[in-house]
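> To start, I am sharing the structure in question, which I have written as structure tokens.
The values are calculated or read from the model by the stated rules, or taken from the named source; none is laboratory data. Small disclaimer: the values here were computed from a predicted structure and weren't measured. Backbone-built Cβ (ideal geometry, glycine too); neighbour counts: all protein chains shown.
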Amino acid sequence: MRIMVLCPHFEPDLHAATGEVMTALVAKLVEQGHQISLVTALPWYRNHRVEHEWGGRPWRRETKAWGEVIRVWPFPTNKTNITARAVGFAGFTALATGAALSLGRADLVMAMSPPIFLGDAAWLVSKIRRIPFVFNTQDIFPDVAVDLGALTNPRVIDLAERHERSLYRRASAVTVLSEDQAVNVRSKLPNQLADRVRLIPNFVDLDRIRVGERNNSYRTKHNLGSKTVVMYSGNVGLSQSFDLVRRAAEHFSARADIHFIINGEGAARPDVDRWAASLDNVSVVDFAPRDQVGEVLAAADIHLVLLKSGLARSSTPSKLYGILAAGRPVLASIDEKSEVATVVSESGAGIGVAPDNAELFIDALAKMVDDPILCREMGLNGRRFAERWLTADQQATRYGELFDELVSKPQ
């Protein structure tokens, strides 16, 4: 099958989680025998500007053994400026649409959101080529922006929600990462179209991320010694409750054996840098290179998953899967009964607490730091869960089966 993919990031732009996901998925689809034509952005995510070696041209075309890639200018903007970001996404989508239409024959087109506008590009391709359109939703917009208070104008919200629902109706299938997201999207579709929503979680490369040694070069580099390391690793964004980390660090400030690491970059990083500067037991560091991710995850004794109240219905923190693969325990501050809370509870991989509640968060963390045997058991439970349910092969097979089903239907 010839599959066309429209996505915001692809290797080597792997600091974005969606870049990691799509790169791995394409590799597995190729192993299944599919040909891929892909449209994505020039690498830009880490520094929010196009990387130097990729600059100079707004459009680059590459031939791969498995197909071809067109990279277009991403119009990078600051995440905190919603208006500028929307304009930037629209510009990127316009270029991506032209690039997609320049590609050869395809049997199916899939677009990854965000940005939601890529759905419009994929729909146009599907109409012109008369092929199925799969809308892959990593986060649900505009819900995330509304829940965060980044989008408040009622008229703009109404227009954005109408656009969102229209894309769901136009898609042949909408894939989501969690049951929370599935319920959300189904509620926005007529009952007769609810079966278009398909749950296919993200996955983790279990060969690349293994249960590694705790005392490794990452600990040495950051002078962590034998301390109990509590780590948040991932996007330092507006969706995460970093005030919980600040409150916990203040609570444990007299404990020289506990150290907090925030490993990542994003829109909330300046604020985190500001308060962390006054706390001796907190270090804030940049993303490590991709080939060191396994060591970063292994260096921690406890990993944090943080998501503000109400966001689980529209956003699923895929960082959880890497933590489980690394065999480390999780403390998740996230909506109760959400997909992540359920996975953590049912797998026995950690503790879940209600979001934005510092008292519950600190109590759970105290239980974990004082019981390393419990933490070890939780970590091993998480690895076993990942091996059963979260392999790239399993999820790529589910995508392949969905594609076969859609292509076999008359358009």
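> Just to check your reading of the model, which residue among Ser233, Ser241, Ser278 is touching a Ser or Thr at 6+ places or on another chain (Cβ under 8 Å) and of a type in the set (Ser, Thr, Tyr)? Break it down stepwise before answering.
Details: Ser233 fails: touching a Ser or Thr at 6+ places or on another chain (Cβ under 8 Å); Ser278 fails: touching a Ser or Thr at 6+ places or on another chain (Cβ under 8 Å).
Of Ser233, Ser241, Ser278, the one residue that is touching a Ser or Thr at 6+ places or on another chain (Cβ under 8 Å) and of a type in the set (Ser, Thr, Tyr) is Ser241.
> Hey, among the residues in region 347-375 that are without any contact (Cβ under 8 Å) to a residue 24 or more places away in the chain and charged (D, E, K, R), which one's farthest from Val245 (Cα to Cα)?
Filtering region 347-375 for residues that are without any contact (Cβ under 8 Å) to a residue 24 or more places away in the chain and charged (D, E, K, R), the one farthest from Val245 (Cα to Cα) comes out as Asp371.
> Using beta carbons and a limit of 7 Å, which pairs, at least six apart or on different chains, have the first residue in region 142-165 and under 18 Å from Gly310 (Cβ atoms) and the second one surrounded by fewer than 17 Cβ atoms within 10 Å (Cβ to Cβ) and acidic (Asp, Glu)?
Filtered contacts from region 142-165: Pro142/Glu161.
> Scan region 344-364 for residues that are surrounded by fewer than 24 Cβ atoms within 10 Å (Cβ to Cβ) and part of a helix (DSSP H, G or I) and jot them down.
Of everything in region 344-364, those that are surrounded by fewer than 24 Cβ atoms within 10 Å (Cβ to Cβ) and part of a helix (DSSP H, G or I) turn out to be Ser345, Glu346, Ser347, Ala358, Glu359, Leu360, Ile362, Asp363, Ala364.
> Quick one: Gly67 ticks every box in (1) at positive phi; (2) in contact with a Pro (Cβ under 6 Å, 6 or more places away or on another chain) bar one, so which box is it?
(2)
> Look at region 67-109 and say how many of its residues are of a type in the set (A, V, I, L, M) and out of contact with any helix residue (DSSP H, G or I) (no Cβ under 7 Å at 6 or more places or on another chain).
Initially, region 67-109 is screened for residues of a type in the set (A, V, I, L, M), giving 69-70, 72, 82, 84, 86-87, 90, 94-96, 99-101, 103, 106, 108-109.
Applying the additional criterion that residues be out of contact with any helix residue (DSSP H, G or I) (no Cβ under 7 Å at 6 or more places or on another chain) yields 69, 84, 86-87, 90, 94-95, 99, 103.
Counting residues in region 67-109 that are of a type in the set (A, V, I, L, M) and out of contact with any helix residue (DSSP H, G or I) (no Cβ under 7 Å at 6 or more places or on another chain) gives 9.
> For region 29-54, enumerate the residues that are surrounded by fewer than 21 Cβ atoms within 10 Å (Cβ to Cβ), more than 16 Å from Gly91 (Cβ to Cβ) and under 18 Å from the mean Cα position of the chain (by Cα).
Arg46, Asn47
> On to the next question. I'd like to know if region 269-278 contains one or more residues that are touching a helix residue (DSSP H, G or I) at 6+ places or on another chain (Cβ under 6 Å) and either at pLDDT below 95 or under 17 Å from Thr228 (Cβ atoms) (or both).
If we filter region 269-278 for residues that are touching a helix residue (DSSP H, G or I) at 6+ places or on another chain (Cβ under 6 Å), which is where we start, we get 272, 275.
Retained after the next criterion (residues that are either at pLDDT below 95 or under 17 Å from Thr228 (Cβ atoms) (or both)): none.
No, there is no match, as no residue in region 269-278 is touching a helix residue (DSSP H, G or I) at 6+ places or on another chain (Cβ under 6 Å) and either at pLDDT below 95 or under 17 Å from Thr228 (Cβ atoms) (or both).
Each row is one residue, and each column tells you yes or no for (1) buried (at least 23 other Cβ atoms within 10 Å of the Cβ); (2) free of Cβ contacts under 8 Å to residues at least 60 places away in the same chain; (3) farther than 23 Å from Leu307 by Cα; (4) touching an Asp or Glu at 6+ places or on another chain (Cβ under 8 Å).
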site	(1), (2), (3), (4)
Arg105	no, no, yes, no
Pro114	no, no, no, yes
Val183	no, no, no, no
Asn191	no, yes, yes, no
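> Another question, then. Just for region 1-30: of the residues that are part of a helix (DSSP H, G or I) and either under 15 Å from Phe403 (Cα atoms) or polar (S, T, N, Q) (or both), which one is modelled with the lowest pLDDT?
Step one: filter region 1-30 for residues part of a helix (DSSP H, G or I), giving 17-30.
Keeping just the survivors that are either under 15 Å from Phe403 (Cα atoms) or polar (S, T, N, Q) (or both) gives 18, 23, 25-26, 28-30.
Numbers: Thr18: 90, Thr23: 94, Leu25: 95, Val26: 96, Lys28: 94, Leu29: 96, Val30: 97.
Step by step, filter region 1-30, then rank; the result is Thr18.
> Inspect all residues belonging to region 175-197 and state whether any of them is in contact with a helix residue (DSSP H, G or I) (Cβ under 9 Å, 6 or more places away or on another chain), acidic (Asp, Glu) and at pLDDT below 95.
Yes; the residues of region 175-197 include at least one that is in contact with a helix residue (DSSP H, G or I) (Cβ under 9 Å, 6 or more places away or on another chain), acidic (Asp, Glu) and at pLDDT below 95.
> Could you check Val211 against (1) closer than 24 Å to Leu390 by Cα; (2) part of a loop (DSSP other than H, G, I, E, B); (3) at pLDDT below 95 and say which number it fails?
The single condition Val211 does not satisfy is (3).
> Please pick out the residue among Ala332, Ala341 that is within 17 Å of Asn184 (Cβ to Cβ), free of Cβ contacts under 8 Å to residues at least 60 places away in the same chain, small (Gly, Ala, Ser) and surrounded by 21 or more Cβ atoms within 10 Å (Cβ to Cβ). Write out each step before concluding.
On the way: Ala332 fails: within 17 Å of Asn184 (Cβ to Cβ).
Result: Ala341 is the single residue among Ala332, Ala341 that is within 17 Å of Asn184 (Cβ to Cβ), free of Cβ contacts under 8 Å to residues at least 60 places away in the same chain, small (Gly, Ala, Ser) and surrounded by 21 or more Cβ atoms within 10 Å (Cβ to Cβ).
> Out of the residues in region 55-72 that are among the hydrophobic types (A, V, I, L, M, F, W, C) and within 16 Å of Gly104 (Cα to Cα), state the one that is surrounded by the fewest Cβ atoms within 10 Å (Cβ to Cβ).
In this case the residue turns out to be Ala65.
> Let me ask something else. Any residue at all in region 394-410 that's of a type in the set (A, V, I, L, M, F, W, C), within 21 Å of the chain's Cα centre (by Cα), part of a helix (DSSP H, G or I) and not assigned by TED's automatic domain parsing to the domain that holds Gly310? Even if it seems obvious, please write down each step before you answer.
Here is the first cut: in region 394-410, the residues of a type in the set (A, V, I, L, M, F, W, C) are 396, 402-403, 406-407.
Restricting the remaining residues to those that are within 21 Å of the chain's Cα centre (by Cα) gives 396.
Imposing the further condition that a residue be part of a helix (DSSP H, G or I) reduces the set to 396.
With the extra rule that they be not assigned by TED's automatic domain parsing to the domain that holds Gly310, the set shrinks to 396.
Looking through region 394-410, at least one residue is of a type in the set (A, V, I, L, M, F, W, C), within 21 Å of the chain's Cα centre (by Cα), part of a helix (DSSP H, G or I) and not assigned by TED's automatic domain parsing to the domain that holds Gly310.
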